[in-house]
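The values are calculated or read from the model by the stated rules, or taken from the named source; none is laboratory data. As the structure is a prediction and not an experimental result, all values here were calculated from the model. For neighbour counting, all protein chains shown are included, and Cβ atoms are generated from backbone atoms with ideal geometry for every residue, glycine included. Calculation scope for accessible area: heavy atoms of the full protein, side chains included, ligands and nucleic acids excluded. Shrake-Rupley method; radii C 1.70, N 1.55, O 1.52, S 1.80 Å.
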Amino acid sequence: MQKKYQSIIWSILLGFFVFHGVLEDTIPMVNFFDEGIGLLCIPLAAFDYWKNRKENRGVLAGSRRWEFGLLLLFLVTGLAGNVLYRFQPAWIVAVSAVLSTKFFMILLTAGFLQKYMPIDLQEQELTIQILSILWFAYYGLTLIFKGYLVAPEAWDICAKSSLLFALLIFCRHQRVWLYRVCLFLMILMLVLSGKEKSYGAILIFAVLYYLIVHKKVQTKLRYILYMAVPVALLAWDKIYFYYVEGHGHYAKSIMTGAALQIAKDYFPIGTGFGTFGSTYAAKYYSPVYHLYGIADNAQLGEQARMYLTDVFWPILLGENGVLGTVIYSGLILVLFIRIQKVFYYNKTKYFLLIYMLVFMMMTTFSEAGFMQPMVMVYAFVMGALLEEYEGKREQKMKYFKQRECR
């Protein structure tokens, strides 16, 4: 019975993450759902520390030490810029700090939930199939009742459909006919999204599935770089348009150039949270935009405020400087190292984790990447899978220790 309730709780949470972008437009409180789940990592970490204080001897166990440590350093670099330069009021700084770190906070929260309410995601076939059908059905209704229902953004469709597509293949298939129908629906949604990233996602999925699941090859960093070449070719028209032909004229190139200049002028910590490229820097127009002439651009000015958040690395360089960018890259690297260990435990779960990481890395060059609300569901799934591996590893270690004591 307990296992059933745990499965229901996980299904509800996963459903909220998938439909978050749709629900927040109709239910205002849902707007803070992912931030709330992220902040939950703080009391859960305190509970975990208290419960295991004798075993851990006052120190956080496992790879969480690195994640908490790097997260804390990242927060310090951003807040240092806020304290020194005072471009934004304290409440904007606090909210922006949470938004900048919530991917890794959700990752930690999901890990703690998996530790104390364990489920096997591979057994959640029916949940994923129901979510896939509902996701497609809602999209279909928005096409029929235009103006009455809020249609998901193209990027939201791409991110969620690609994840559901991967989860459908990942789960065990007891209802083969329903599985095939759902798979077709998700492929159809990826195509209908019209995003180059959708085709990139399908390409990455096919390559990784072949290498990992069929050939039993562990993914190396150089393999990921190799896959970046065909993905870049798929998006070459836009890359050329924004960064070559339109250099200095279009939003992405202007924001990138300004971020590099800020990183130089405010070396090494940047201008602080909520000052450049982030959601609240756009919503409460940052004074930094006036300093660097961004406010004079027709698309990026205070009246239009368009495309100010369509970047990732410029946010890090502007708000957290060179030091913060290096620290955040360290967080991504720690995540990659944790994923690598899963290869020897379960190839299918390792494949899903690598696929999600590569997909998100792909989005860092055209969207807000790890800070984009649409990918918070990825953090939730990744946290659960990584903690499942950590739990199995700890059980084995305890077993061998007990045998040694005998």
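Overview of values
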{"item": "Selection count where residues are assigned to a loop (DSSP other than H, G, I, E, B) and either modelled with pLDDT of 85 or more or open to solvent by 80 Å² or more (accessible area, probe 1.4 Å) (or both), scope region 259-301", "result": "19"}
{"item": "Some residue of region 347-355 being more than 28 Å from VAL76 (Cα to Cα), surrounded by fewer than 17 Cβ atoms within 10 Å (Cβ to Cβ), of a type in the set (S, T, N, Q) and out of contact with any Pro (no Cβ under 8 Å at 6 or more places or on another chain)", "result": "yes"}
{"item": "Subset tally (residues that are within 16 Å of the chain's Cα centre (by Cα) and hydrophobic (A, V, I, L, M, F, W, C)) for region 14-31", "result": "5"}
{"item": "Residue among GLU367, GLU388 that alone is in a helix (DSSP H, G or I) and among the charged types (D, E, K, R)", "result": "GLU388"}
{"item": "Residues located in region 150-182, provided they are exposed (fewer than 15 other Cβ atoms within 10 Å of the Cβ) and of a type in the set (Lys, Arg)", "result": "ARG172, ARG175, ARG180"}
{"item": "Subset tally (residues that are closer than 17 Å to VAL326 by Cβ and under 25 Å from the mean Cα position of the chain (by Cα)) for region 256-270", "result": "5"}
{"item": "Qualifying residue in region 93-102 (condition: under 27 Å from TYR5 (Cβ atoms), at pLDDT 90 or above and surrounded by 19 or more Cβ atoms within 10 Å (Cβ to Cβ))", "result": "yes"}
{"item": "Meets criteria (closer than 25 Å to ILE37 by Cβ and touching a helix residue (DSSP H, G or I) at 6+ places or on another chain (Cβ under 7 Å)) for LEU99", "result": "yes"}
{"item": "Hits in region 66-89 (condition: surrounded by 19 or more Cβ atoms within 10 Å (Cβ to Cβ) and of a type in the set (Ser, Thr, Tyr))", "result": "THR77"}
{"item": "Hits in region 7-43 (condition: touching a residue at least 60 places away in the same chain (Cβ under 8 Å), charged (D, E, K, R) and surrounded by 17 or more Cβ atoms within 10 Å (Cβ to Cβ))", "result": "ASP34, GLU35"}
{"item": "Helices (runs of 4 or more DSSP H) enclosed by region 48-159 - at least 2 residues per element that are under 30 Å from HIS290 (Cα atoms)", "result": "64-85, 90-116"}
{"item": "Filtered residues of region 302-334 (kept if in contact with a helix residue (DSSP H, G or I) (Cβ under 8 Å, 6 or more places away or on another chain), among the polar types (S, T, N, Q) and part of a helix (DSSP H, G or I))", "result": "ASN320, THR325"}
{"item": "Qualifying residue in region 320-342 (condition: more than 18 Å from LEU79 (Cβ to Cβ), open to solvent by 60 Å² or more (accessible area, probe 1.4 Å), free of Cβ contacts under 8 Å to residues at least 12 places away in the same chain and of a type outside the set (A, V, I, L, M, F, W, C))", "result": "no"}
{"item": "Meets criteria (free of Cβ contacts under 8 Å to residues at least 40 places away in the same chain and over 25 Å from ALA206 (Cα atoms)) for ALA110", "result": "no"}
{"item": "Selected residue (only one of LEU190, LEU208, LEU185, LEU203 is open to solvent by 50 Å² or more (accessible area, probe 1.4 Å) and either out of contact with any Cys (no Cβ under 7 Å at 6 or more places or on another chain) or in contact (Cβ under 8 Å) with a residue 24 or more places away in the chain (or both))", "result": "LEU203"}
